[in-house]
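Undergrad: Below is the structure I would like to discuss, written out as structure tokens.
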Amino acid sequence: MARITAGVATSHVPLLGVGIDQGKMDDPYFKPIYEGYEWSKKWIAEEKPDVIILVYNDHASAFDMNLIPTFAIGCADEFQPADEGWGPRPVPPVNNHADMAWHIAQSLILDEFDMTIINKMDVDHGLTVPLSLLFGQPDAWPVKVIPLAVNVVTYPPPSGNRCWMLGEAIARAVESFDEDLNVQIWGTGGMSHQLQGPRAGLINAEWDQKFLDDLTADPERLRHIPHIEYLRETGSEGIEMVMWLIMRGALGPMIKERHRHFHVPASNTAVGHIVLEKET
Amino acid sequence: MTQDIHEYLAEFDDIPGTRVYTTKRARAGYWLNQFAMSLMKAENREKWLADEKAYLEDWPMTDEQKQAVLDRDYNRLLDLGGNIYFLAKIFSTDGLSFVQAVSTMSGMSEEDYKAMMMAGGRSPEGMRSIKEGR
């Protein structure tokens, strides 16, 4: 049987992809950011997950204003890196575990989560930057990836509680997949940042650190943070953190924090990263 | 727990210097954002750069939206229904990074904005609520 063993959360700032693609890892601006991922790179090389369910949001790449799915699951065999206006990132295509993706899709719908199923889709920095941060620059990604895209652009995005419940349903779906697989779930985006208007550049390190603390200390609090609090405290784009709650909801009550990293700034954003392991 | 949609939306107007991308803005900005999205294609970028006004003629946007695009007035574009991830296609075509474009909305010079980010970003103090002044 497939089982979820760990959760990873990380920001997916596009600049962090640029830094890797252009070989700027040792540049003084980037170095302290990437150093925080060294532990995780060693960890994941030992963990060798078979499948990652990667929760992210599309940034006007695959989805324009014509289609705005709240929760969409990628079910094709392969996804290409998107051309976001300056050419696609020089990263490998993303290979899906399509049987498992379809299984999760049908299980979630039966479990009353009305998923959008998507086949033809390019994946943007929201999905590829986290892979680069954890796996570096391989010729092929050493893991199958199931993309799970969440609308956090057009309001209202799903509530934190709804995201948490989706995570729980994903865990049930994984457990009922009849193949022996080591599965991780990743939540990406955040932490505090605002990319628009006169308040642009807002960062709230104190709030972000508390959020990281409470992923283990008080996840019930995180589950019920209203949208207005994300907006006031973490900037207009901090709402991406609801995607971390899908990851957290999927892990269940018994977890251990293994690693944490926090750095300001990357571009306009506070970078946060955490590794959580499920205790068996 | 069901939330009242009117109360939910009303709170957004109490956040200083922020335009939350609501369905109302999404409706008003539909063609503006779809125009911006068209710049994802290299051949469209060429046409756009060759003659911006002529390119805009093909899009059913309002005159105000067209003028704000030509002026690269990003705060105005947010008011007129633009979304930052779509507007990014316009400033990327101009060769601007997110930091450069975002700084133009903050009313700060690029240098001052970058210095603020390096020093830990804009503090949330006094930026949370207009009514409550916190």
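We did not get these values from a lab; they are worked out from the coordinates using the rules stated. In this text, all values refer to a predicted model and were calculated from it rather than measured experimentally. A quick note on method: Cβ atoms are made from the backbone with ideal geometry, for glycine too, and the neighbour counts reach across all protein chains shown.
Undergrad: Please report, in cubic angstrom per residue, the volume enclosed by the convex hull of the alpha-carbon atoms of the range A:1-147.
TA: Taking only Cα atoms, the range A:1-147 has a hull volume of 119 Å³ per residue.
Undergrad: Quick one: work out Rg over Rh on the C-alpha atoms of the range A:37-99, Rh as Kirkwood radius.
TA: Here the Rg-to-Rh quotient is 1.01.
Undergrad: Can I ask one more? Taking loop as defined by DSSP and a crowding limit of 13 other beta carbons within 10 Å, which GluC sites (Glu not before Pro) in the range A:239-280 fit?
TA: Loop-located and lightly packed - A:Glu279.
Undergrad: Hey, another quick one. So if I take the alpha carbon set of chain B, get Rg, then get Rh from the Kirkwood formula, what is the Rg over Rh ratio?
TA: Computed over Cα atoms, the ratio is 1.02.
Undergrad: At B:Leu9 and B:Lys47, where each label point lies 7 Å from the Cα along Cα→Cβ, what is the point-to-point distance in nanometres?
TA: About 3.4 nm, to one decimal.
Undergrad: Now for a different question. What's the local net charge at A:Asp122, with K and R +1, D and E -1, over the other residues with C-beta under 15 Å away?
TA: Taking every Cβ under 15 Å from that of A:Asp122, the sum is -3.
Undergrad: Tell me, what HN-Hα J-couplings in whole Hz come from the Karplus equation 6.51 cos²θ - 1.76 cosθ + 1.60 at θ = phi - 60° for each residue of the range A:55-61, using x for Gly and Pro?
TA: Result, ordered by residue: 8, 8, 10, 7, 10, 6, 10 Hz.
Undergrad: Can you list the aspartates and glutamates whose alpha carbon is less than 15 Å from that of B:Lys66, not counting same-chain residues fewer than 8 positions off?
TA: B:Asp51, B:Glu52, B:Glu57, B:Asp58, B:Asp79
Undergrad: For the range A:128-280, what is the per residue volume of the convex hull drawn over the alpha-carbon atoms, in cubic angstrom?
TA: In the range A:128-280, the Cα convex hull volume per residue is 125 Å³.
Undergrad: Filter the GluC sites (Glu not before Pro) in the range A:129-208 down to the DSSP loop ones having no more than 16 other Cβ atoms within 10 Å, then list what survives.
TA: Taking the range A:129-208 and a limit of 16 other Cβ atoms within 10 Å, the loop GluC sites (Glu not before Pro) found are A:Glu179.
Undergrad: Now, a different point. Scan around A:Gly189 for amide H atoms under 5 Å from its own, H built in the peptide plane at 1.01 Å from N, and keep only partners 5 or more places away or cross-chain.
TA: A:Thr10, A:Ser11, A:His12
Undergrad: Based on alpha-carbon positions alone, could you give the equivalent ellipsoid semi-axes of the protein assembly as shown from the gyration tensor, as √(5λ), descending, whole Å?
TA: In descending order the semi-axes read 32, 24, 22 Å.
Undergrad: All other residues with a Cβ under 15 Å from the Cβ of B:Gly29 taken together, and with Lys, Arg as +1 and Asp, Glu as -1, what is their net charge?
TA: Local charge sum for B:Gly29: +2.
Undergrad: Would you mind finding the longest exposed-site-free stretch of chain A, with exposed chymotrypsin sites (Phe, Trp or Tyr not before Pro) meaning DSSP loop and at most 16 other Cβ atoms within 10 Å?
TA: In chain A, the maximal stretch lacking such sites is A:87-280.
Undergrad: Check each of the trypsin sites (Lys or Arg not before Pro) in the range A:98-205 and keep only those in coil by DSSP with at most 15 other C-beta atoms within 10 angstrom; list them in order.
TA: A:Lys120
Undergrad: Calculate how large, on average over all directions, the projected area of the Cα convex hull of the range B:1-42 is; give the answer in nm² to one decimal.
TA: Over every viewing direction, the Cα hull of the range B:1-42 projects on average to 4.6 nm².
Undergrad: Along its three principal axes, how long is the range A:71-152 when you only count alpha carbons? Whole Å, largest extent first please.
TA: Answer, in whole Å and largest first: 38, 26, 20 Å.
Undergrad: In addition: Two decimals is fine: what is log10 I(q)/I(0) at q = 0.33 Å⁻¹ for the range A:234-279, from a Debye sum with one equal scatterer on every Cα and no solvent?
TA: -1.19
Undergrad: Considering only chain A, what is the antiparallel percent among its DSSP beta bridges, to the nearest 5?
TA: 50
Undergrad: Average the reciprocal distances over every distinct pair of alpha-carbons in the range A:164-203, invert the result, and give the Kirkwood radius in Å.
TA: After inverting the pairwise mean of 1/r, the radius is 13.4 Å.
Undergrad: Something else now. Near A:Trp164, within a Cβ-to-Cβ distance under 12 Å, what is the net charge of the other residues, with Lys and Arg +1 and Asp and Glu -1?
TA: With Lys, Arg at +1 and Asp, Glu at -1, the net is +2.
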